[in-house]
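Chemist: If you scroll down you'll find the structure; I have some questions about it.
The values are calculated or read from the model by the stated rules, or taken from the named source; none is laboratory data. Keep in mind the model is a prediction, meaning the values are calculated, not measured. We place every Cβ from the backbone using ideal geometry, glycine too, and count neighbours over all the protein chains shown. Each accessible area value is taken on the protein alone, full model and side chains, heavy atoms only, with ligands, DNA and RNA left out. Shrake-Rupley method; radii C 1.70, N 1.55, O 1.52, S 1.80 Å.
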Amino acid sequence: MKFTAAAALLLATTGPALAQDKTLYRGGPIVTMDGDSPQLVEAIVTAGDRITFVGPEKAARKAAGKDAAIHDLKGATLLPGFIDAHSHFAVALQMAGGLDLWDKALPPVTDIASLQGVIRSHIARRAIPKGGWVVVWQYNEEKLSEKRHITRAELDAVSPDHKIVLLHISLHGLVANSPALAAAGLSDASQPEPGGLMLRDAAGRLNGVLLEKAMYRLMPALPQPTDEQKLAMLDAAQARYFAEGYTHAQDGATQPADLAFFTSAAARERIKIDLALLPVFTGLDAMLADSALAFGTYDGHVKRQGIKFMLDGSPQARTAFFTRDYARGAPDGAHPWHGQPIVKQEEFETLARKVHDRGWQLFVHANGDAAIDMAIQGFDALGIKAADDRRPVVIHSQFQRPDQLAAYKRIGVGPAYFSNHTWYWADIHRTNFPNEVVDFISPFASAHAVGLIASNHSDYSVTPLDTRFMLWTSMARVSPTGAVSGESERLSAYRALQALTTGPAWQIFEEDRKGRIKPGLLADFVILDRNPLTTPVDGIKDIKVRETIKEGRTVWKAASD
């Protein structure tokens with residue numbers, strides 16, 4: 001799928017739809033997502049950026065008038081635009097110039113030697129000067145035949161003259177060589193703060209692996225694109241999301257520099273996708289000091305949605321916080337190990353209360369069941385109840401226990417689940433935890449049964465930005481080895497679509513603005529070549545996006561159309 005030149009041109013040449021511009025959509029299935037069961041209509045009418053009519057084609061033609069433009073779907077299926085429940089939009093701006101190990105043009109990376117080879121080739125191809133940074137994305141030690149991390153020494157062997165950093169696919173760790181560690185002021189005498197891990201070799205020297213809070217010691221040293229470079233990459237970043245049918249994106253852990261950039265006048269002028277920002281809690285004091293700072297309201301297409309807290313790490317990196325031990329132990333092989341929290345309970349509750357008292361929404365990263373316990377305890381300490389309609393969101397909620405669902409319901413939590421784990425890491429999880437634990441990962445069906453409103457996300461760049469693949473993983477829940485993670489938690493196509501539309505809309509208080517096809521709501525649509533409701537499960541991931549429409553204007557269209 002192409003989403004660069006052609007899509008960027010659409011972004012540059014497409015302005016907001018005018019109120020008098022009417023369009024009639026007809027000629028294919030139109031799935032409204034309005035209600036708890038599928039509702040299809042023959043036609044819809046839009047005027048400017050809003051939907052004005054939904055119903056039979058004959059009545060729609062009358063409502064549209066003779067001068068309305070006709071958008072013939074030609075058998076394709078129209079749905080509300082997809083809503084990104086959690087990803088890292090800023091990463092799309094930061095990856096330019098780095099080495100992306102997901103790049104299909106690269107030779108296979110199957111072991112440490114082949115990983116070293118692609119890094120050497122990248123340095124030569126890019127003619128990176130001595131002393132320059134080499135940043136590698138999507139590093140995953142589980143894909144290496146050695147089933148261990150590459151080390152500082154092995155990266156030094158690639159080049160002792162470059163600062164090399166491999167960012168873990170989870171975005172919860174990295175591996176650095178000696179020059180990169182030195183550039184960050186780290187030495188063998190360095191110690192991690194609580195909530196971080198610095199792995200060491202047999203001699204007690206840093207081996208280059210920094211996890212969780214320890215990686216924050218190096219991250220500020222990495223080269224950052226300038227605001228001018230970010231502006232130049234905005235169109236391509238938006239096009240990447242539009243190509244997947246998204247009309248709303250999220251930056252799920254917004255750093256202070258990115259917050260300043262995305263809310264700048266220059267960026268807001270170019271941003272056409274709705275973009276929700278979640279500033280990280282580490283910058284909370286500065287935000288609290290600004291009494292006029294607004295959350296939950298758009299300035300153009302950009303809004304600060306809520307504050308992001310991180311309570312634990314990543315289960316695939318063995319840094320998530322559990323009430324049970326990892327069978328494989330800690331990342332350094334130590335036993336017993338059940339992970340650790342990134343922040344202490346008291347600190348979380350103190351900071352969360354400040355956010356809550358300002359009326360700002362709480363977003364909490366919690367993967368392991370112990371971290372989820374921390375989130376629940378914190379919400380209870382604040383006295384949050386479902387009737388308060390504060391809608392705290394627990395991002396990932398991966399290894400939720402069945403008993404925690406009732407607490408979510410009582411508090412009014414919106415779980416942002418992550419079905420792609422059932423494909424990418426379920427086999428890894430089974431090497432650490434019993435099958436019944438892994439089978440309850442992202443328990444969509446159980447959550448719906450107790451009345452929770454869930455969403456689904458890619459966590460891009462942790463997994464690829466692919467909406468149809470997300471639909472498929474939530475419906476199939478199968479791993480590359482064929483293991484099904486919780487057959488009873490599989491979703492129907494309609495429930496899977498809800499997790500990309502009405503679910504995330506509710507979680508950000510926009511259920512009366514987007515996520516459904518209904519008069520008065522935004523004219524945000526995605527057009528697919530096939531109807532997910534009638535496509536066999538095995539074919540869901542092969543559905544193609546034909547067109548994405550934001551507020552009545554086409555912002556992306558497949559090159560073949």
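Chemist: For the chain, what is the percent of antiparallel DSSP beta bridges, rounded to the nearest 5? Display every interim value, and only then the final one.
Modeler: Values: 38 of 75 bridges.
Roughly 50 percent of the beta bridges in the chain run antiparallel, per DSSP.
Chemist: At a Förster distance of 45 Å, what's the computed FRET efficiency of Ala127 paired with Ala386, Cβ-Cβ distance as r, to 0.05?
Modeler: On the way: r = 58 Å, r/R0 = 1.29.
Efficiency for this residue pair is about 0.20.
Chemist: Give me the one-decimal nm value for the distance between modelled label points at Val450 and Arg513, 7 Å along each residue's Cα-to-Cβ direction.
Modeler: Computed distance between label sites Val450 and Arg513 equals 3.0 nm.
Chemist: If the chain between Ala232 and Glu193 were fully stretched, how many nm would it gain, using 0.36 nm times the residue separation less the Cα-Cα distance? Each step should come with its number before you reach the end.
Modeler: Working: separation 39, 0.36 × 39 = 14.04 nm, distance 3.69 nm.
Full extension of this stretch gives 10.3 nm more.
Chemist: For the chain, calculate the relative contact order in percent as a whole number, restricting contacts to Cα pairs under 8 Å that are 6 or more residues apart.
Modeler: Values: 1221 pairs, mean separation 100.5, N = 561.
Rounded, it is 18 percent for the chain.
Chemist: Would you mind working out the accessible area per residue for the chain, using a 1.4 Å probe, and quoting it in Å²? Don't jump to the answer; show the numbers that get you there.
Modeler: Details: 21160 Å² over 561 residues.
It amounts to 38 Å² per residue over the chain.
Chemist: Using a Debye calculation, one point per C-alpha and no hydration shell, please list log10 I(q)/I(0) for the chain at q = 0.07, 0.09, 0.13 Å⁻¹ in order.
Modeler: Listed by q, the Debye log ratios stand at -0.40, -0.67, -1.42.
Chemist: Once the Cα atoms of helix 112-126 and of the chain are each reduced to a long axis, what angle between those two axes, in degrees from 0 to 90 to the nearest 10, is obtained?
Modeler: Once rounded, the angle reads 70 degrees.
Chemist: Round to the nearest 10 and give me the degree value, 0 to 90, for the angle of helix 467-476's Cα axis relative to the longest principal axis of the chain.
Modeler: Rounded to the nearest ten degrees, it is 80.
Chemist: A follow-up question, please. Based on Cα positions only, what radius of gyration and what Dmax would you give for the stretch 445-544, in angstroms?
Modeler: Cα radius of gyration and Dmax of the stretch 445-544 are 14.1, 46 Å respectively.
Chemist: Check Leu73: other-chain or 5+ apart residues with amide H under 5 Å from its amide H, H built from backbone geometry?
Modeler: Arg26, Gly27, Gly28
Chemist: Expected output is a single nm value to one decimal: the length gained when fully extending between Lys544 and Ala406, i.e. 0.36 nm times separation in residues minus the C-alpha distance. What is it?
Modeler: 45.9 nm
Chemist: Amide H to amide H under 5 Å from Arg516: which residues, 5+ apart in sequence or cross-chain, H placed 1.01 Å off N in plane?
Modeler: none
Chemist: So for the pair Thr481, Gln224, with labels modelled 7 Å out along Cα→Cβ, what separation do we get in nm?
Modeler: Spacing of the two 7 Å Cα→Cβ label points: 4.2 nm.
Chemist: How big is the stretch 214-317 by the Kirkwood estimate over distinct Cα pairs, in Å?
Modeler: Over the stretch 214-317, the inverse of the mean reciprocal pair distance is 15.1 Å.
Chemist: With a Förster radius of 45 Å, plug the Cβ-Cβ distance of Asp201 and Ala286 into 1/(1 + (r/R0)^6) and report the FRET value to the nearest 0.05. Kindly include the intermediate steps, with their values, before the conclusion.
Modeler: On the way: r = 39 Å, r/R0 = 0.86.
The pair Asp201/Ala286 has a calculated efficiency of 0.70.
Chemist: Also, quick follow-up: How many percent of Cα pairs in the stretch 315-377 exceed 15 Å? All intermediate terms of the calculation are to be shown ahead of the outcome.
Modeler: Numbers: 1046 of 1953 pairs.
Above the 15 Å cut-off, the stretch 315-377 has 54 percent of its Cα pairs.
Chemist: Here's a follow-up. Antiparallel DSSP bridges in the stretch 122-198: what percent, to the nearest 5? Mind showing how you got there, number by number?
Modeler: Values: 3 of 8 bridges.
Looking only at bridges with both residues in the stretch 122-198, the antiparallel portion is about 40 percent.
Chemist: Now a separate question. Normalising by the residue count of the stretch 290-376, find the relative contact order in percent from Cα pairs under 8 Å and 6+ residues apart.
Modeler: Numbers: 136 pairs, mean separation 30.6, N = 87.
Relative CO of the stretch 290-376 lands at 35 percent.
Chemist: Okay, next question. What FRET efficiency comes out for Arg120 versus Gln20 if R0 is 60 angstrom and r is the Cβ-Cβ distance? Round to the nearest 0.05. Provide the component values of the computation, followed by the final result.
Modeler: Numbers: r = 59 Å, r/R0 = 0.99.
Calculated transfer efficiency: 0.50.
Chemist: Calculate the spin-label point distance for Leu293 paired with Glu436, positioning each point 7 Å from the Cα along the beta-carbon direction, and give it in nanometres.
Modeler: 4.5
Chemist: May I ask for the distance between the Cα centers of the stretch 327-345 and the stretch 209-250, given as a whole number of Å?
Modeler: 29
Chemist: Now, a different point. Roughly how many percent of the accessible protein surface of the stretch 311-444 is carbon and sulfur, given a 1.4 Å probe and a whole-percent answer? Walk me through the numbers before you get to the answer.
Modeler: On the way: 2280 of 4470 Å².
Roughly 51 percent, rounded to a whole number.
Chemist: Ignoring everything except DSSP H segments at least 4 long, calculate the 222 nm mean residue ellipticity for the chain; use -39,500 (n - 2.57) per segment, divide by total residues, nearest 500.
Modeler: Counting only the DSSP helices, I get -7500 deg cm²/dmol.
Chemist: Sticking with this structure for a sec: Hey, what angle do you get for helix 345-357 against the long axis of the chain, alpha-carbon based, 0 to 90 degrees rounded to 10?
Modeler: The helix 345-357 is inclined about 30 degrees to the chain.
Chemist: Sorted from largest down, what three extents in whole angstroms do the Cα atoms of the stretch 236-287 have along their principal axes?
Modeler: Between the extreme Cα coordinates on each principal axis of the stretch 236-287 lie 37, 21, 14 Å.
Chemist: Still on this structure, please answer the following. Could you work out, for the stretch 356-401, what percent of all Cα-Cα pairs fall into each 10 Å distance bin, beginning at 0 Å and stopping at the bin that holds the largest distance?
Modeler: For the stretch 356-401, the pair-distance distribution reads 28, 54, 18, 0.
Chemist: Right, next: For Lys143 and Ala59 in one chain, what is 0.36 nm times their gap in residues minus the Cα-Cα distance, to one decimal in nm? Let's see the in-between values first.
Modeler: Working: separation 84, 0.36 × 84 = 30.24 nm, distance 5.63 nm.
Roughly 24.6 nm would be gained on extension.
Chemist: In the stretch 233-302, carbon and sulfur make up what percent of the accessible area (probe 1.4 Å)?
Modeler: Values: 1230 of 2380 Å².
Its accessible area is 52 percent carbon and sulfur atoms.
Chemist: Give the dimensionless ratio obtained when the Cα radius of gyration of the stretch 100-171 is divided by 2.2 N^0.38 Å. Walk me through the numbers on the way to the answer.
Modeler: Details: Rg = 11.5 Å, N = 72, 2.2 N^0.38 = 11.2 Å.
Ratio of Rg to 2.2 N^0.38 Å for the stretch 100-171: 1.03.
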